[in-house]
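Report on the following structure.
The values are calculated or read from the model by the stated rules, or taken from the named source; none is laboratory data. This is a predicted model, so every value here is computed, not measured. Neighbour counts are summed over all protein chains in view; Cβ atoms, including those assigned to glycine, are modelled from backbone coordinates with ideal geometry. Note: areas computed on protein heavy atoms with side chains; ligands, DNA, RNA excluded. Shrake-Rupley method; radii C 1.70, N 1.55, O 1.52, S 1.80 Å.
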Amino acid sequence: MPVWLDLAIRLVAVVVAFLTLPLIVGQTEHKVMAHMQGRLGPMYAGAFHGWAQLIADGVKFVQKEQVTPREADAPVFKLAPLVALLPYLVTLLVIPLGPGDLVAQPLDIGLFLVLAVVGVGIVAVLMAGWASANKYTLIGALRAAAQLLGYELPFVLAAASVAMAAGSLSLVDIVDAWSPWWLLWQAPAGIVFFVAGLAEIRRPPFDAPIADTELVFGYMTEYTGLRFAFFLLAEYVGIVVIAALTTVLFLGGWHGPFANDQLGWLWTLLKVGAVSFVVIWVRVAYPRLRVDQIQQLCWKVLVPVALAQLVLTAAVKVAT
């Protein structure tokens, strides 16, 4: 197969995953939250249990007027939703779905790239908050900046623990080096990584930057139509990315209970789905944290645990 054709197929596959997996997660969130809260949820769009509700929502967003505030910095305001989506698209390029060639672009520094790119999301939030010329959006953006800059440290430290254990920054090599006992040995790092990931994508209970009861809708207050939909899509893509990274780094990726690697992609998808379900469950189960509680959890709990895990990992590697 020509190189250009192979590259094109891989890029198309990533784009398809980028557009479909968030819709599946979003629809699942609607139905799971409905069951947990004792209500129906979407039932009519697409007939069978409202399977096409998110598609109907997308059509609705396309039809809505694109409003730009008079005092807004229009170019920055319009560009922010696209900047919010771009880091997650780049991240999906290096996350392996299975063994062999089931990764769009295998890189020896894949983990480094992922950690660097995911942090770009804060730029989109600051762009949206500042360019909207609204005090509520600015407060939401500054909350998000403080939150993301703080949680970036435990996020990176937890990932570094796994990289040290595997002896590689390649996501493929990390999955290859994984063994079941990592579920216990690296469990503290896994929990820290998952919680910090929730804060990175501003999911409840870390949704203080949005806080609809305080800030209208935070940094997204002035957005309408398709631009608002892009921010929502970025949130659901973020869930997929955090679930996929948690799966690859801490849950063994394509490793299943059987020796057959042919179904590795299926185990990866099942694990990503399970972690995404936990993200949804946390939203329903826990109330929003205050801004001070968010910072205390970061600096007094997650950072010390991540540092302790990193020291433990270093000691085990030296001893072995």
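Per-residue SASA remark: M43, around 60 Å² accessible (1.4 Å probe; ligands, DNA and RNA not included).
Charged side chains reduced to their Cβ positions (Lys and Arg at +1, Asp and Glu at -1) give the chain a dipole of some 640 debye around its Cα centre. Here the relative contact order of the range 48-133, from alpha carbon pairs under 8 Å that lie six or more residues apart, stands at 39 percent. Setting aside same-chain residues fewer than 8 positions from K60, which aspartates and glutamates have a Cα under 20 Å from its Cα? Here the aspartates and glutamates satisfying the reach criterion relative to K60 are E29, E222, E235. The calculated Kirkwood hydrodynamic radius for the range 179-261 is 14.9 Å, given to one decimal from all distinct C-alpha pairs. Here the relative contact order of the chain, from alpha carbon pairs under 8 Å that lie six or more residues apart, stands at 24 percent.
Given their separation in residues at 0.36 nm each and the Cα-Cα distance between them, A13 and V278 gain 92.8 nm when the chain is fully extended. Between the range 1-36 and the range 174-247, the alpha-carbon centres lie 17 Å apart.
Span-like helix check, the chain: qualifying full DSSP H segments, with Cα axial length of 27 Å or more and mean Kyte-Doolittle of 0.5 or more, are 3-36, 74-94, 135-166, 225-250, 264-285. Rounded to the nearest 0.05, the FRET efficiency derived from the C-beta distance between T68 and L5 at R0 = 35 Å is 0.30. With the charge dipole of the chain set up from +1 on Lys and Arg Cβ and -1 on Asp and Glu Cβ about the Cα centre, the Cα lying farthest toward the positive end among the listed residues L138, L198, V90 is that of L138. Converting the Cα gyration tensor eigenvalues of the range 140-278 into ellipsoid dimensions via √(5λ) gives semi-axes, longest first, of 32, 17, 11 Å.
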